[in-house]
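Following: one structure in structure tokens, then a few remarks.
The values are calculated or read from the model by the stated rules, or taken from the named source; none is laboratory data. Quick caveat: nothing in here was measured; it's all calculated off a predicted structure. For neighbour counting, all protein chains shown are included, and Cβ atoms are generated from backbone atoms with ideal geometry for every residue, glycine included. Ligands, DNA and RNA are stripped out before the accessible areas are found, and what is left, the full protein with its side chains, is counted by its heavy atoms. Shrake-Rupley method; radii C 1.70, N 1.55, O 1.52, S 1.80 Å.
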Amino acid sequence: MKAPVCNDSEYMVVLLSREVRDGEISACGALSQIPGAALLLAKETHAPNAEVILLNTVFRPFGTSRQFHFLCQRGELGLFFLSGIQIDRHANYNLHQLGADKEHPTARFPGGYGGGMIYYMAKRTILFRTEHTRRTFVEKVDYVSSAGSSPPDTIRGGHCHQVITPKAVFGFDKAAGILRLQSIHAPYTIEDIRENTGFDLGTSGP
């Protein structure tokens, strides 16, 4: 019997669900179907005691209406999922505009609805992107919606933990303030990842 084949979205759900920890509070924003499904999958499998929050949905399977923005301020949010139009080597992400000219960008977007604050205050943040190409993974984002690193005197409760795509996982090196290639998903190779990533992979090993 052949193993079932999943599409990229289903694969992303599985990868993201593995980062949910039992007993921890995890959340995703509005209209975030892939991380939302990942939270539900984790709850049904390895994290039955996790508290999960899906923002602005009538589907509240766990009987909670708690707002994770306030949980962040109290240092209680363990995991949050974020995406971006662009993500760069320093784990900065862009949800606002394309084009370096702030007055005349080539495109504008809605922004992050509190994502910038959550990126600073959630204990762990997983950045994810369903498209892994050089137009999404860039050396420097056109606009910093929220920064991956901060000066030492900045109040910050957490950092980027990983970046997950259908092709690879990057871990965040907090000391160096950069992303480093952590794993590659079959059938892709390191050459595929290098070709489709607009910054140095941060590793020279296999």
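Things to note:
- Inter-centroid distance (Cα atoms) of the range 5-24 relative to the range 74-124, Å: 21
- Given the chain, longest segment not containing exposed loop GluC sites (Glu not before Pro) (DSSP; at most 15 other Cβ within 10 Å): 1-102
- Surface composition of the chain: carbon plus sulfur atoms contribute 54% of the solvent-accessible area (1.4 Å probe, protein chains only, all chains present).
- DSSP-assigned coil residues among trypsin sites (Lys or Arg not before Pro) in the range 118-155, each with at most 12 further Cβ atoms within 10 Å: 134, 135
- FRET E, pair residue 139, residue 31, Förster distance 30 Å, beta-carbon r, rounded to 0.05: 0.55
- Near residue 48: Cβ cut-off under 14 Å, other residues only, Lys/Arg at +1 and Asp/Glu at -1. The net charge is -2.
- In the context of the full set of protein chains, the range 153-206 has a per residue accessible area of 50 Å² (1.4 Å probe).
- Amide H partners (placed H, <5 Å) of residue 124, local residues excluded: 79, 80
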